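A.B. asks: Sending over a structure as structure tokens; questions will come in a sec.
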There are 2 protein chains.
Amino acid sequence: MVRPTMEDVALRAGVSRALVSLVMRGSPKVSEMRRTAVLKAAEELGYSPHAMARSLASRTSTVLGVMVSDLHNAFFAEVVDGIDEVAREQGFDIIINTGGRSPARERRALESLLSFRPAGLILLSPVVPATAIGKAAEQLPIVLVARSSRVSTVDTVNDDGEQGARLAVDHLVSLGHKRIAHLDGGEGTQAGPRRRGYIAAIEAHGLTPQVVSSEYTDAAGARAIRSLLSDGALPTAILSCNDFNAVGAISALEDAGLRVPQDVSVVGYDNTSLAALRHVSLTTIDQPRAEFGRLAAVALLQRVREERTEPVRHLLNPSLVVRNTTAPPATSRRSSGPLLSSTAAGDSAGSGDTTADSQARSPERRSRDQ
Amino acid sequence: MVRPTMEDVALRAGVSRALVSLVMRGSPKVSEMRRTAVLKAAEELGYSPHAMARSLASRTSTVLGVMVSDLHNAFFAEVVDGIDEVAREQGFDIIINTGGRSPARERRALESLLSFRPAGLILLSPVVPATAIGKAAEQLPIVLVARSSRVSTVDTVNDDGEQGARLAVDHLVSLGHKRIAHLDGGEGTQAGPRRRGYIAAIEAHGLTPQVVSSEYTDAAGARAIRSLLSDGALPTAILSCNDFNAVGAISALEDAGLRVPQDVSVVGYDNTSLAALRHVSLTTIDQPRAEFGRLAAVALLQRVREERTEPVRHLLNPSLVVRNTTAPPATSRRSSGPLLSSTAAGDSAGSGDTTADSQARSPERRSRDQ
DNA sequence: TTACAGCATTAGAGCGCTCCAACCAATAGA
DNA sequence: TCTATTGGTTGGAGCGCTCTAATGCTGTAA
């Protein structure tokens with residue numbers, strides 16, 4: 001249970017501690033003979049460097065802290081993948097902590113992360129107040145993902161929710177829909193831009209917006225549909241604030257004897273793994289999640305290396321993924337239009353996405369910096 | 001960008017560094033006067049202790065490392081919640097790292113975690129070879145979740161997959177099913193116990209097992225159903241190896257014009273959030289995930305405090321959650337039996353679970369140690 | 001020969017903290 | 001009176017490492 005130290009390795013290799021240190025850090029100014037001797041001794045003792053002692057002595061850190069507001073949401077997992085990829089490339093390690101969507105717990109997580117004195121911090125959709133972020137930003141570089149900030153020392157990476165909503169509306173309009181409602185995300189992150197984008201796009205097409213108050217859950221989506229049904233105000237197409245909401249809406253529609261997409265089209269938002277399930281096969285808006293992570297890591301490392309001082313505000317383009325929950329409206333139907341579960345046969349792993357999906361996954365995503 | 005040290009606080013409060021240290025650690029042997037003076041100075045300077053220096057000096061750590069094999073799987077998020085709960089209670093912090101289901105990356109994650117010299121490590125369903133775990137176990141206490149081990153210094157927490165499968169089979173048999181197939185999880189973790197439990201339970205009822213080779217994905221579930229259909233070997237009930245597989249199976253059944261549960265009943269395994277969606281409403285087997293986390297943390301802390309040296313092997317009882325994908329078989333049907341989407345109305349957040357579900361969520365879960 | 005590079009190597013200070021032994025009243029006991 | 005005892009406080013060593021400046025050791029030029 002006791003790990004060997006640099007001293008032990010030095011003794012065994014017959015050199016000084018400082019020399020071992022140089023070898024461990026891959027310094028070029030070590031003779032090949034000594035280097036192999038040291039590495040051999042280290043190997044034999046099972047030595048591995050003590051990261052904390054190292055960072056204490058060097059007053060630098062090769063650790064990036066990542067605060068994930070909600071581990072239950074697979075959205076963040078892909079962002080972390082992107083962060084990890086870049087960090088590893090650049091010789092940095094990441095440590096993760098979670099806030100469980102509670103400001104108090106998140107604050108604690110932040111404090112804990114800070115106590116390791118990482119080189120920088122990436123916060124994924126944090127719910128702590130802006131002042132807390134500002135205070136932390138005085139101590140180390142911080143990048144925010146899926147949350148905006150006005151602090152000039154903080155970089156941000158977001159998706160363009162307005163554009164995403166516009167893509168969805170354009171898709172539905174091009175199918176022939178004229179009555180398109182939006183199930184709104186209320187106070188949820190990014191709900192604002194999505195709502196604004198929806199309204200702007202609807203009006204750009206000369207149509208009338210219909211915003212129904214809802215939330216980011218499947219139960220809320222179902223509730224919203226039931227209220228539309230009881231008001232007799234059901235449109236021919238629905239743009240939900242996210243995928244969960246959309247799935248709830250679909251359930252409520254089917255419960256009421258309506259078919260999706262024959263009677264009503266539904267579009268989600270986020271392209272979660274849920275949407276890709278063949279049982280669901282939801283038309284939705286994809287965000288380049290891994291790219292979020294990569295850009296966040298790159299931005300953070302620039303700050304860490306003091307290569308940049310002006311803030312960077314990445315606003316990424318979402319893309320439309322057409323699956324089986326959208327079709328022309330019933331009145332204007334001819335014969336075409338994908339049906340739910342119409343792609344029965346075929347052994348491919350794919351879930352019947354159209355080409356828009358492969359586009360969604362293409363790497364050459366543009367990023368609009370401003 | 002430069003944080004104050006204990007020295008700064010001591011200077012400002014007019015005391016020694018050692019006294020500040022005592023205050024920071026909440027020692028009782030400090031006069032009230034000095035204590036408030038120190039806390040005031042710390043507050044004014046925005047001081048917070050340097051976790052790494054502390055752990056270096058004290059040769060102890062209040063950090064528990066958690067290696068999550070796959071962040072994309074919400075299963076682990078709930079386990080982490082359980083760990084976090086206990087750790088926080090006991091004054092420990094956790095840091096998380098992820099292995100992305102790749103042995104190489106996982107190994108790196110392990111190495112990174114180890115370099116922080118945490119008090120102990122919890123590995124969630126690790127895929128690294130047993131030898132790597134054994135080697136790490138020589139350096140610090142380790143607890144494995146959702147993976148077994150024979151190493152006597154390693155504790156484990158698992159669910160009783162055999163019992164879970166038995167619960168599912170018993171449920172289906174009690175509904176009147178006689179032909180029940182198992183879509184097998186192949187090489188996947190825990191697939192073995194589930195398969196064994198299925199076979200044992202089927203034979204205990206005097207029936208004939210029918211194991212269909214499959215995997216832990218929805219595409220694989222659909223594929224398995226199609227092969228059953230083309231062989232003309234479709235049973236009246238399916239026990240899938242997990243929820244994703246079950247959802248894929250349901251899709252394929254519906255694609256073939258069969259109704260679930262009227263024509264075929266389907267049971268999943270894991271009770272993921274997916275299963276609880278009203279659109280899916282899958283009958284499944286629930287594992288007490290948060291309890292996994294809690295027990296793992298408790299076991300680890302016992303080792304950390306050297307309160308125990310014999311290994312502990314928790315084997316938790318899973319429970320059945322009845323939703324809307326199981327019903328009596330078509331031939332023996334009378335009138336009862338829940339139908340898919342039969343619980344249309346009602347604004348509750350619930351998803352139409354029967355009482356078995358509330359039982360599933362009850363806290364008084366037994367744990368069978370051996 | 002001496003001087004001086006140039007390179008590999010090392011001693012030693014110090015990173016921010018904890019911990020131990022020592023210290024210093026102030027009080028209690030003999 | 002002197003000696004313990006107690007509670008609060010402090011200096012200093014040291015955790016495992018990095019970093020700077022200094023050291024020794026060639027080889028080459030003067």
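A.B. asks: Would it be correct to say that A:Leu320 is among the aliphatic types (A, V, I, L, M) and either assigned by TED's automatic domain parsing to the domain that holds A:Ser214 or at pLDDT 95 or above (or both)? Steps first, please.
C.D. replies: Values: among the aliphatic types (A, V, I, L, M): yes; either assigned by TED's automatic domain parsing to the domain that holds A:Ser214 or at pLDDT 95 or above (or both): yes.
When the stated conditions are applied, A:Leu320 passes them.
A.B. asks: Here's another thing I want to ask about it. Going by the structure shown, is A:Gly176 at positive phi, surrounded by 16 or more Cβ atoms within 10 Å (Cβ to Cβ) and among the small types (Gly, Ala, Ser)?
C.D. replies: Details: at positive phi: yes; surrounded by 16 or more Cβ atoms within 10 Å (Cβ to Cβ): yes; among the small types (Gly, Ala, Ser): yes.
Against the criterion (at positive phi, surrounded by 16 or more Cβ atoms within 10 Å (Cβ to Cβ) and among the small types (Gly, Ala, Ser)), A:Gly176 qualifies.
A.B. asks: Report yes if some residue within segment B:51-62 is outside any helix (DSSP H, G or I), under 26 Å from B:Ala87 (Cα atoms) and near DNA strand C (Cβ under 9 Å from one of its atoms); otherwise report no.
C.D. replies: Looking only at segment B:51-62, we keep the residues that are outside any helix (DSSP H, G or I), and these are B:59-62.
Remaining after also requiring under 26 Å from B:Ala87 (Cα atoms): B:59-62.
Now drop any that are not near DNA strand C (Cβ under 9 Å from one of its atoms), which leaves B:59-60.
Among the residues of segment B:51-62, at least one is outside any helix (DSSP H, G or I), under 26 Å from B:Ala87 (Cα atoms) and near DNA strand C (Cβ under 9 Å from one of its atoms), which makes the answer yes.
A.B. asks: Considering segment B:1-19 alone, what residues qualify as being away from every other protein chain (no Cβ under 14 Å) and either near DNA strand D (Cβ under 8 Å from one of its atoms) or in a loop (DSSP other than H, G, I, E, B) (or both)? First the steps, then the outcome.
C.D. replies: Taking segment B:1-19 as the starting set, the residues that turn out to be away from every other protein chain (no Cβ under 14 Å) are B:7-19.
B:Ala10, B:Gly14, B:Val15, B:Ser16, B:Arg17, B:Ala18, B:Leu19 - these are the residues of segment B:1-19 that are away from every other protein chain (no Cβ under 14 Å) and either near DNA strand D (Cβ under 8 Å from one of its atoms) or in a loop (DSSP other than H, G, I, E, B) (or both).
Yes/no per residue for (1) within 21 Å of B:Ser148 (Cβ to Cβ); (2) outside the structural domain of B:Ile238 (by TED's automatic domain parsing); (3) in contact with a strand residue (DSSP E or B) (Cβ under 6 Å, 6 or more places away or on another chain):
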residue: B:Leu172; (1), (2), (3): no, no, yes
residue: B:Leu175; (1), (2), (3): no, no, no
residue: B:Gly185; (1), (2), (3): yes, no, no
residue: B:Gly192; (1), (2), (3): yes, no, no
residue: B:Gly197; (1), (2), (3): yes, no, no
residue: B:Ala200; (1), (2), (3): yes, no, no
residue: B:Glu203; (1), (2), (3): no, no, no
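A.B. asks: Also, quick follow-up: Is there any pair linking a residue in segment B:11-35 that is closer than 19 Å to B:Ala53 by Cα to one that is of a type in the set (D, E, K, R) and outside any loop (DSSP other than H, G, I, E, B), with Cβ under 6 Å and at least six apart or on different chains, and which?
C.D. replies: B:Arg17/B:Glu7; B:Val23/B:Arg35
A.B. asks: Filter segment A:20-50 down to the residues that are within 25 Å of B:Gly120 (Cβ to Cβ) and part of a loop (DSSP other than H, G, I, E, B), then identify the one that is nearest to DNA strand C (Cβ to nearest atom).
C.D. replies: In the first step, residues of segment A:20-50 are kept if they are within 25 Å of B:Gly120 (Cβ to Cβ); the result is A:42, A:45-50.
Adding the requirement that they be part of a loop (DSSP other than H, G, I, E, B) leaves A:46-50.
Values: A:Gly46: 21, A:Tyr47: 16, A:Ser48: 18, A:Pro49: 13, A:His50: 11 Å.
Per the stated criteria, the residue is A:His50.
A.B. asks: Are any of the residues in segment A:28-48 within 11 Å of another protein chain (Cβ to nearest Cβ), within 13 Å of DNA strand D (Cβ to nearest atom), under 40 Å from the mean Cα position of the chain (by Cα) and surrounded by 13 or more Cβ atoms within 10 Å (Cβ to Cβ)? Please lay out each step first, then the result.
C.D. replies: Just the residues of segment A:28-48 that are within 11 Å of another protein chain (Cβ to nearest Cβ), to begin with: A:46, A:48.
Still in the running and within 13 Å of DNA strand D (Cβ to nearest atom): A:46, A:48.
Restricting the remaining residues to those that are under 40 Å from the mean Cα position of the chain (by Cα) gives A:46, A:48.
Those still in the list that are surrounded by 13 or more Cβ atoms within 10 Å (Cβ to Cβ) too: A:48.
Yes: one or more hits.
A.B. asks: Being outside any helix (DSSP H, G or I) and more than 10 Å from chain B (Cβ to nearest Cβ) is the filter here; which residues of segment A:100-110 pass it?
C.D. replies: A:Arg101, A:Ser102, listed by residue number.
A.B. asks: Ok, one more. Which of the residues belonging to segment B:56-83 are in contact (Cβ under 8 Å) with a residue 40 or more places away in the chain, crowded, with 23+ Cβ neighbours inside 10 Å and at the interface with chain A (Cβ under 7 Å from one of its Cβ atoms)?
C.D. replies: B:Val80
A.B. asks: Going by the structure shown, is B:Thr331 modelled with pLDDT of 95 or more and over 15 Å from the mean Cα position of the chain (by Cα)? Spell out how you get there, then give the answer.
C.D. replies: Details: modelled with pLDDT of 95 or more: no; over 15 Å from the mean Cα position of the chain (by Cα): yes.
No.
A.B. asks: Of everything in segment B:1-19 that's more than 10 Å from DNA strand C (Cβ to nearest atom) and at pLDDT 90 or above, which residue is surrounded by the most Cβ atoms within 10 Å (Cβ to Cβ)?
C.D. replies: Let us first name the residues in segment B:1-19 that are more than 10 Å from DNA strand C (Cβ to nearest atom), namely B:1, B:11-15.
Remaining after also requiring at pLDDT 90 or above: B:11-15.
Working: B:Leu11: 16, B:Arg12: 18, B:Ala13: 22, B:Gly14: 11, B:Val15: 19.
If we take residues in segment B:1-19 being more than 10 Å from DNA strand C (Cβ to nearest atom) and at pLDDT 90 or above, then B:Ala13 is surrounded by the most Cβ atoms within 10 Å (Cβ to Cβ).
A.B. asks: Turning to a different aspect of this structure: Taking the criterion of being over 26 Å from A:Gly46 (Cβ atoms) and surrounded by 17 or more Cβ atoms within 10 Å (Cβ to Cβ), would at least one residue in segment B:127-147 satisfy it?
C.D. replies: In the first step, residues of segment B:127-147 are kept if they are over 26 Å from A:Gly46 (Cβ atoms); the result is B:146.
Next cut, surrounded by 17 or more Cβ atoms within 10 Å (Cβ to Cβ) only: B:146.
Yes - at least one qualifying residue is present in segment B:127-147.
A.B. asks: Determine whether B:Leu71 is in the same structural domain as B:Arg147 (by TED's automatic domain parsing) and either within 16 Å of DNA strand C (Cβ to nearest atom) or assigned to a loop (DSSP other than H, G, I, E, B) (or both). Can you show your working first?
C.D. replies: Working: in the same structural domain as B:Arg147 (by TED's automatic domain parsing): yes; either within 16 Å of DNA strand C (Cβ to nearest atom) or assigned to a loop (DSSP other than H, G, I, E, B) (or both): yes.
Considered against the rule, which asks whether it is in the same structural domain as B:Arg147 (by TED's automatic domain parsing) and either within 16 Å of DNA strand C (Cβ to nearest atom) or assigned to a loop (DSSP other than H, G, I, E, B) (or both), B:Leu71 comes out as yes.
A.B. asks: Are there any helices (runs of 4 or more DSSP H) wholly within segment B:241-316 with 1 or more residues that are away from every other protein chain (no Cβ under 12 Å) and buried (at least 24 other Cβ atoms within 10 Å of the Cβ), and if so which? Walk me through how you get there before you give the answer.
C.D. replies: On the way: elements: B:243-255, B:273-276, B:289-304.
Filter on segment B:241-316 gives B:289-304.
The values are calculated or read from the model by the stated rules, or taken from the named source; none is laboratory data. Fair warning: this is a prediction, and the values are worked out from it, not measured in the lab. Note that each Cβ is placed from the backbone with ideal geometry, even for glycine, and that neighbours are counted across all protein chains shown.
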